[in-house]
Amino acid sequence: MASFKALDGGLVELWIVNDTLAPIPVSASIELSTLRGDLLSALKINVTVPATHSTRIWRDHPAGNADRILHVRSPQFEANRHFFAALKDVPFTSQALDVSIQQIDLHTLNVTLTAIHFVYGALLVCPHAKTGFSDNFVDLCAGESRSIIVSNPITELCPKDVTLRYALFEESAH
């Protein structure tokens, strides 16, 4: 697991937790960008995190602002992000996603979300009981896409059954 820790004076640290019984080599990319997707800085880090340890792997004073995001990505753990303002003050946009829905069969949809701007917590909902999602509540950076399989073993699904919610906005996904 990776997590950012904000300290006084604009200092930010990145910590990695290894809860296994063996050391883990970690290759991570730390990027500072705008919500629109303009890359401001990038750094690649390669470290080994000891078994059952939490290790600080990075510390810096990034040029933070309400419209900027600091994020880390690695094949070894889920991506994480740090906002430089309270969520209520981050200038998210309601026009941040393109949505495409393909009917795979009567009980399955493939929903592809493509971010135009950074999207915090995209969530698909469906009113039918027993509906499952291959993934849900996802963050997407500008230009990034994610496909989510929506399925229901009992009820037939159609694109109008899926609603998209994100960053305090709600719209129909179809």
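The values are calculated or read from the model by the stated rules, or taken from the named source; none is laboratory data. Only a predicted model underlies this, so the values are computations on that prediction, with no experimental measurement involved. Note: ideal-geometry Cβ built from the backbone for every residue, glycine included; neighbour counts use all protein chains shown.
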May I ask you to list pairs of residues, at least six apart or on different chains, whose Cβ atoms are under 7 Å apart, with the first in segment 4-32 being exposed (fewer than 12 other Cβ atoms within 10 Å of the Cβ) and the second being acidic (Asp, Glu)?
LEU7/GLU13
Condition (residue is charged (D, E, K, R), in a strand (DSSP E or B) and either modelled with pLDDT under 95 or surrounded by 14 or more Cβ atoms within 10 Å (Cβ to Cβ) (or both)) applied to segment 43-58: is it met by at least one residue?
no
For segment 100-125, which positions are touching a residue at least 60 places away in the same chain (Cβ under 8 Å) and either touching a helix residue (DSSP H, G or I) at 6+ places or on another chain (Cβ under 6 Å) or not in a strand (DSSP E or B) (or both)?
ILE101, HIS117, PHE118
Given (1) surrounded by 12 or more Cβ atoms within 10 Å (Cβ to Cβ); (2) assigned to a strand (DSSP E or B), number of the condition ARG36 does not satisfy
(2)
Condition (residue is in contact (Cβ under 8 Å) with a residue 40 or more places away in the chain and of a type outside the set (Ser, Thr, Tyr)) applied to segment 129-139: is it met by at least one residue?
yes
Can you list the strands (runs of 3 or more DSSP E) lying wholly within segment 126-172 that have 2 or more residues being more than 30 Å from PHE83 (Cβ to Cβ) and at pLDDT 90 or above?
none
LEU87 fails exactly one of the following numbered conditions: (1) closer than 19 Å to SER145 by Cα; (2) touching a Phe, Trp or Tyr at 6+ places or on another chain (Cβ under 9 Å). What is the number of that condition?
(1)
If you scan segment 122-141, which residues turn out to be more than 18 Å from SER100 (Cα to Cα) and either surrounded by 15 or more Cβ atoms within 10 Å (Cβ to Cβ) or within 11 Å of the chain's Cα centre (by Cα) (or both)?
THR131
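Please go through segment 66-76 and pick out each residue that is in a loop (DSSP other than H, G, I, E, B) and surrounded by 14 or more Cβ atoms within 10 Å (Cβ to Cβ).
Within segment 66-76, ASP67, GLN76 meet the criteria.
Any chance you could count how many residues in segment 77-99 are out of contact with any Lys or Arg (no Cβ under 6 Å at 6 or more places or on another chain), assigned to a strand (DSSP E or B) and surrounded by 14 or more Cβ atoms within 10 Å (Cβ to Cβ)?
Result for segment 77-99: 7.
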